[in-house]
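The values are calculated or read from the model by the stated rules, or taken from the named source; none is laboratory data. Since we're looking at a predicted model, the values are computed, not measured. Here Cβ is always computed from backbone atoms with ideal geometry, including for glycine, and neighbour counts include all displayed protein chains. Areas reflect the complete protein model, heavy atoms only, side chains present, ligands, DNA and RNA absent. Shrake-Rupley method; radii C 1.70, N 1.55, O 1.52, S 1.80 Å.
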Amino acid sequence: MSVPHDTAVSRAIAVGVIAPVAVAATAVVVQLLMLGDLPDPVATHWGPSGVDGFAPAWTVPLMTALLAGGLPLLMSAIAVPPIRAGERGFVLRLLIAMAVGLSAFLAVILTGSLVLQRGLEDAADAGSVLPVVAVAVPIGLAVGGAGWLLQPRHAAAPAEATPVAPLERRPGERTMWFGRAEMAPLPLGALLGATVLLGVLALVIGLTSDPVAAWILAGTAVLIGTLVATLTVFRVRVDASGLTVRSAAGLVRMGVPASDVAGVAVTEVKGLSQYGGFGIRSVPGATAVVLRSGTALEVTRVNGRRFVVTLDDAEGAAAVLAAVAEDARAAQD
């Protein structure tokens, strides 16, 4: 039984936005109420031999707000707009559930680490943090599971492809097509937001407590930033050789030779619901460069496998590719 559109949207917002904010805010309030009973600095990192990292007590509520509140909101910022636009799919439902589950897990971990230190004169005397982790994991899984069940069932709509006829040309006329595939502002903003968030956390942690953790976070931020810089814009070319898709930095090159083109069509792509995300994707029967939801060029190879790339002028690229594929077939006969 289908669920009304507004119900799916309202539940996604309740589970993926309101609930994580409430969880993070509650954890921050509890932590602030404990500050007077905590040593300063507090323990923020545990190694095999016990506590090995410290920070001012106020940094834990700050990290809770950024991690238990900020990261889940970034996940929901990716999933909620497509749901609002009418998309449905396993990944969209999972992202919302993961957002609230992650918020609960991090809130319990960070709050529990302070509970261990209440009444201590020296944070180095805090016991093992493993019992807190043992409690946080099932709570995070249970809250995430509840977030999954509270949402309506998602059924992704199958994509419909419209075949495109070859571009009409005069005898001997050669044609080429050039274009760009660019990531949509929303997922790009989420990636940039995650990069900035990790960078801020690395700076705070590096200045106040654990240099090793700071370097790990900084390295992760640099990695995400590098991926954003290299894999969010692709140049697309159609000529006599076939279809070529190359990243702006030139690190990735993909395509389909004209002789391997069995069919060309234009289709509507929903990145999250159909391909599970954005970027270079692989699903049963297809490889895709999906940088946004919308129109896309779909090429069916001779072996039946499809190659898809999102483009603004997908119909123009398809008509030219169909024409050069026709030439390639004629040359083989």
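Values as computed for the structure displayed
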read-out	value
Some residue of region 28-50 being touching a residue at least 40 places away in the same chain (Cβ under 8 Å), open to solvent by less than 50 Å² (accessible area, probe 1.4 Å), within 30 Å of residue 152 (Cβ to Cβ) and not in a loop (DSSP other than H, G, I, E, B)	no
Residue in region 256-268 that is touching a strand residue (DSSP E or B) at 6+ places or on another chain (Cβ under 8 Å), modelled with pLDDT under 90 and crowded, with 18+ Cβ neighbours inside 10 Å present	no
Region 289-333, subset surrounded by fewer than 20 Cβ atoms within 10 Å (Cβ to Cβ) and under 21 Å from the mean Cα position of the chain (by Cα), residue modelled with the highest pLDDT	295
Residues (within 23 Å of residue 220 (Cβ to Cβ), surrounded by 21 or more Cβ atoms within 10 Å (Cβ to Cβ) and of a type in the set (A, V, I, L, M, F, W, C)) located in region 174-190	183
Close pairs from region 236-256: first closer than 15 Å to residue 314 by Cα, partner part of a loop (DSSP other than H, G, I, E, B) and open to solvent by less than 70 Å² (accessible area, probe 1.4 Å), Cβ under 7 Å, at least 6 apart	236/311
Residue list for region 101-121, filter: open to solvent by 20 Å² or more (accessible area, probe 1.4 Å) and not β-branched (Val, Ile, Thr)	102, 105, 106, 110, 116, 118, 119, 120, 121
Some residue of region 225-237 being open to solvent by less than 50 Å² (accessible area, probe 1.4 Å), in contact with a Pro (Cβ under 7 Å, 6 or more places away or on another chain), among the polar types (S, T, N, Q) and part of a helix (DSSP H, G or I)	no
Output for region 31-61, where each listed residue is within 19 Å of residue 131 (Cα to Cα) and under 32 Å from the mean Cα position of the chain (by Cα)	31, 43, 44, 45, 46, 47, 53, 60
